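First up is the structure itself, then whatever we jot down about it.
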Amino acid sequence: MARCCVSEKVARATQFKEKLEGFLGEFSDWTVQMAFISRSSTKDRDKAEEETHKHLIGDVKGSFCILVDDIIDTGSTMANAVKMLRAAGAGKITGFASHGRFSQGGDKVIENLEELQFVVITNTLPHRDEEGNIIARKQSGKIRELTLAPLFAEAIYCLHN
C-alpha cells in the first residue's frame, strides 16, 4: 500500500522560493529552483532502533544552494545536509536558520564545515557560555547573526498607530 504525504514544510519552502524570486527581481538572470532532503524512518520488527533514511530530491549540480532550517542545535542536520549537497555536485552552499541554539558544540560543527560558506541566524535565542550565563555572541567567520529588533519595533509601531 502506497502512502503519499504533502508536508507543510513544502508549502513554506514554496513561499520562500517565491519571496526570493521577488527579491531577485526581473533583472536577475538567476532562476530559483527547489530541492529537498527527505528524511524517513523505518523500524525493523527484529531491531529495537529505527533506521533513518535521507534522500536528496532535485538536481543541485553546480548550483548555489541555500539550506533553510528552523533551528540549528548540535549542527549535525546542517552538516549532513551540506555533505549530501556537496556529494551531489552543489556549487556554493550557505545556510539560514531562524534560531541558533548551538548546544553540545554545534557552533564548532558549523565553523568546521569547509564546504559551507556561512550560515545566517536570527537573535531569537540568547547565546550562553559553558556555565549557562547569557553572553553576547561573538561574530565568527561562518555564523552571522541578524537582529530582529527593527522588525519588532515596526510591528509595535504599527499596532499602536
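The values are calculated or read from the model by the stated rules, or taken from the named source; none is laboratory data. Remember, it's a predicted structure, so these values are computed and weren't measured experimentally. Using ideal geometry, Cβ is built from the backbone for each residue, glycine included, and neighbour counts are taken over all protein chains shown. Protein only, heavy atoms only, side chains kept; ligands, DNA and RNA dropped before computing areas. Shrake-Rupley method; radii C 1.70, N 1.55, O 1.52, S 1.80 Å.
More than 27 Å from Ser63 (Cβ to Cβ) and modelled with pLDDT under 90: is that true of Ile134 in this structure?
Yes; evaluated as a whole, the condition is true for this residue.
Among Lys108, Lys61, which is the only one that is open to solvent by 70 Å² or more (accessible area, probe 1.4 Å), over 22 Å from Ala149 (Cβ atoms) and not in a loop (DSSP other than H, G, I, E, B)?
Lys108
Run Val32 past the list (1) touching an Asp or Glu at 6+ places or on another chain (Cβ under 7 Å); (2) closer than 17 Å to Val10 by Cα; (3) exposed (fewer than 12 other Cβ atoms within 10 Å of the Cβ); (4) not charged (D, E, K, R) and report the number of the one that doesn't hold.
Of everything listed in (1) touching an Asp or Glu at 6+ places or on another chain (Cβ under 7 Å); (2) closer than 17 Å to Val10 by Cα; (3) exposed (fewer than 12 other Cβ atoms within 10 Å of the Cβ); (4) not charged (D, E, K, R), Val32 misses just condition (3).
Confirm whether Thr52 is on the phi < 0 side of the Ramachandran plot, free of Cβ contacts under 8 Å to residues at least 24 places away in the same chain and touching a strand residue (DSSP E or B) at 6+ places or on another chain (Cβ under 6 Å).
yes
For segment 78-86, check the following and say yes or no: at least one residue is in a strand (DSSP E or B) and surrounded by 11 or more Cβ atoms within 10 Å (Cβ to Cβ).
Initial filter on segment 78-86 (in a strand (DSSP E or B)): none.
Looking through segment 78-86, none of the residues is in a strand (DSSP E or B) and surrounded by 11 or more Cβ atoms within 10 Å (Cβ to Cβ).
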